[in-house]
1. What is the residue count in the stretch 12-34 for residues that are open to solvent by less than 70 Å² (accessible area, probe 1.4 Å) and at pLDDT below 85?
2. Which pairs turn up if I take residues in the stretch 39-54 that are within 17 Å of residue 22 (Cα to Cα) and look for partners that are of a type in the set (Lys, Arg) and assigned to a loop (DSSP other than H, G, I, E, B) with beta carbon separation below 9 Å, at least 6 apart in sequence or on another chain?
3. Report, ordered by the first and then the second residue, all pairs with beta carbons closer than 7 Å, sequence separation of six or more or different chains, a first member in the stretch 4-18 that is over 17 Å from residue 52 (Cα atoms), and a second member that is open to solvent by 80 Å² or more (accessible area, probe 1.4 Å) and not in a helix (DSSP H, G or I).
4. Checking the structure you have, find out if any residue of the stretch 54-62 is at pLDDT 85 or above and of a type in the set (S, T, N, Q).
5. So, in the stretch 35-51, exactly how many residues are at pLDDT 80 or above, surrounded by 12 or more Cβ atoms within 10 Å (Cβ to Cβ) and outside any helix (DSSP H, G or I)?
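The values are calculated or read from the model by the stated rules, or taken from the named source; none is laboratory data. Nothing here was measured: the structure is a model prediction, and the numbers come from that model. All Cβ positions, even for glycine, are placed from backbone atoms using ideal geometry, and neighbour counts span all protein chains on display. SASA here: full protein model, heavy atoms, side chains in, ligands and nucleic acids out. Shrake-Rupley method; radii C 1.70, N 1.55, O 1.52, S 1.80 Å.
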Amino acid sequence: MMSGELHILIGPSGAGKTTYIKNLVEDHTFDQRWVVSSDDLRDEITGSFKDQSANDQVYKAIAFNPIPRP
């Protein structure tokens, strides 16, 4: 990964997106990084990352709360 790059992971539930990014972050050192995870937001909102009942709220939170720029 190069400085200034944006990487987006898209795939079906259970495809391993969250596992992939957690392993990537553990294996590399980054000057700056932001990981926006629908699983993490879902867990914060519902108490379980598996609870899909709040997906509308989760994706609105992602769409309307942009990542701050340094």
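1. Within the stretch 12-34, residues that are open to solvent by less than 70 Å² (accessible area, probe 1.4 Å) and at pLDDT below 85 number 5.
2. 39/50; 42/50; 43/50
3. Final answer for the pair search is 7/1.
4. yes
5. Residues meeting the conditions: 4.
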